[in-house]
Structure formats: C-alpha cells, structure tokens
Amino acid sequence: TYECSLDGGLSWSGCESPHVIEGLVPGNYELQVVATSTSGIVDTTPASHSWTVVAPDTTIDSGPAASTRNTVAEFRFSSTDPEATFECSLDSGTWGSCESNYLIEGIAVGAHDLQVRARSDAGTLDASPAVHEWTVVAPSTTIDSGPEQPTWSLDGTFEFSSDEPTATFECSLDG
C-alpha cells in the first residue's frame with residue numbers, strides 16, 4: 001500500500017497509483033510517497049517529486065496609440081500559456097471573455113484602460129493583468145477669422161479650421 005504527503009511529511013494519508021491532486025493554486029509543491037509491504041515493512045526513505053504550478057502571464061501585443069481620435073480600438077494579446085483563454089475589463093468594468101483579436105467600437109472621448117488576464121485550462125488566472133491605457137481626444141477647432149469689432153455689417157463671415165483634416169463642423173450662434 002502507499003501513503004502520500006503533500007505538506008512536507010507533516011501528515012500522511014493512503015493513496016493509490018495513479019494519484020491525482022486537484023485544486024492546486026500557483027506555488028511550489030512536493031509529493032512524498034512511502035510504500036508498505038504486505039508484511040508491514042515501511043519504506044523509510046520516501047520517494048519525492050517537486051514541481052511548481054505557475055499562473056499564465058499576459059502580454060498586450062498591440063493596441064491604440066496613447067492619444068488617438070479613433071473611437072474604434074483593436075487589441076492583440078498573448079500568454080505564456082499557449083492554451084490559455086482570456087478575460088477583458090474595459091475601464092475597470094466587469095470581466096468578460098474575449099479573444100486575442102479584440103475589437104471595441106464606439107469608444108467615448110476621454111481616458112480609457114483595457115485590462116487583460118489569461119486563464120489556464122486549469123482555471124488559474126494571471127494575478128497581474130496586462131494593462132493598456134489610451135485617450136480618445138476630440139479634434140480642436142479654431143475660428144481663424146470673423147467680423148471686425150465693432151462692425152456696421154449685418155452679415156458675419158467666419159472662417160474656421162481643425163487640427164483634424166477630415167473634421168466636419170457644427171455651428172451655434174449665441175449659444
């Protein structure tokens with residue numbers, strides 16, 4: 001018969017071969033096994049096997065520039081675990097399943113962050129998700145010319161421009 005210990009020999013319990021251990025978290029482990037013969041002779045030198053369970057590490061390989069006018073963001077990410085799946089959280093929102101070719105549309109003007117964490121087949125999560133921060137900025141508008149002050153004219157001609165070459169304009173008179 002066999003007895004196994006996963007806690008450095010502090011406690012022993014009967015086990016069989018193969019021996020399956022479930023629910024491990026990232027960390028270092030050592031399994032010790034002793035055999036007892038049918039005549040009751042106990043192996044005085046336990047067999048030992050050490051291993052380390054690691055959480056997958058996540059990398060964001062590409063995403064939008066730190067400052068952009070684009071309201072669509074495309075991300076690619078990867079993990080040290082090639083079989084990992086991914087979870088994403090936009091702007092500290094709820095975590096949800098996502099694919100490595102992740103597309104977000106309709107992003108509002110302002111600062112944003114995407115957190116991505118890998119999940120191994122065993123369910124172990126990357127404890128330190130990868131983060132990508134960027135800001136969607138609005139185009140800047142400049143009134144280049146308008147009526148002189150004061151003016152006798154009842155017509156006002158204005159010229160304006162933007163730092164965004166493809167911008168369109170909306171105007172409001174007196175608020």
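The values are calculated or read from the model by the stated rules, or taken from the named source; none is laboratory data. This one's a predicted model, so the numbers in the text were calculated from it and none came from an experiment. Quick reminder, even Gly has a Cβ in these numbers, built from the backbone with ideal geometry, and neighbours come from all protein chains shown. Surface accessibility is based on the protein's heavy atoms, side chains included, excluding ligands, DNA and RNA. Shrake-Rupley method; radii C 1.70, N 1.55, O 1.52, S 1.80 Å.
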Report summary line: The condition from (1) in a strand (DSSP E or B); (2) over 10 Å from the mean Cα position of the chain (by Cα); (3) surrounded by 11 or more Cβ atoms within 10 Å (Cβ to Cβ) that Ala122 misses is numbered (1)
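Report yes if some residue within the range 19-26 is under 22 Å from the mean Cα position of the chain (by Cα) and either in contact (Cβ under 8 Å) with a residue 12 or more places away in the chain or open to solvent by 60 Å² or more (accessible area, probe 1.4 Å) (or both); otherwise report no. So that I can check it myself, show each step before the final result.
Residues of the range 19-26 under 22 Å from the mean Cα position of the chain (by Cα): 25-26.
This time we only want the ones that are either in contact (Cβ under 8 Å) with a residue 12 or more places away in the chain or open to solvent by 60 Å² or more (accessible area, probe 1.4 Å) (or both), so: 25-26.
Yes, because at least one residue in the range 19-26 is under 22 Å from the mean Cα position of the chain (by Cα) and either in contact (Cβ under 8 Å) with a residue 12 or more places away in the chain or open to solvent by 60 Å² or more (accessible area, probe 1.4 Å) (or both).
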Query raised in the report: Taking into account only those residues within the range 142-175 that are within 39 Å of the chain's Cα centre (by Cα) and open to solvent by 90 Å² or more (accessible area, probe 1.4 Å), which is farthest from Thr68 (Cα to Cα)?
Result: Glu170
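Table: residues versus (1) touching a His at 6+ places or on another chain (Cβ under 9 Å); (2) open to solvent by 90 Å² or more (accessible area, probe 1.4 Å); (3) within 30 Å of His132 (Cα to Cα).
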site: Thr1; (1), (2), (3): no, yes, no
site: Gly14; (1), (2), (3): no, no, no
site: Ala35; (1), (2), (3): no, no, no
site: Val42; (1), (2), (3): no, no, no
site: Trp95; (1), (2), (3): no, no, yes
Query raised in the report: Which residue pairs have Cβ atoms under 8 Å apart, sit 6 or more places apart or on different chains, and have a first residue in the range 131-142 that is assigned to a strand (DSSP E or B) and a second that is among the charged types (D, E, K, R) and at pLDDT 95 or above?
Result: Val131/Asp113; His132/Asp113; Glu133/Asp113; Trp134/Asp113
Query raised in the report: Quick one: would you say Ala127 is within 29 Å of Thr52 (Cβ to Cβ), in contact with a strand residue (DSSP E or B) (Cβ under 9 Å, 6 or more places away or on another chain) and either open to solvent by 20 Å² or more (accessible area, probe 1.4 Å) or in a loop (DSSP other than H, G, I, E, B) (or both)?
Result: yes
Query raised in the report: Among (1) at pLDDT 95 or above; (2) surrounded by fewer than 16 Cβ atoms within 10 Å (Cβ to Cβ); (3) farther than 30 Å from Thr166 by Cα, where does Ser79 come up short?
Result: (2)
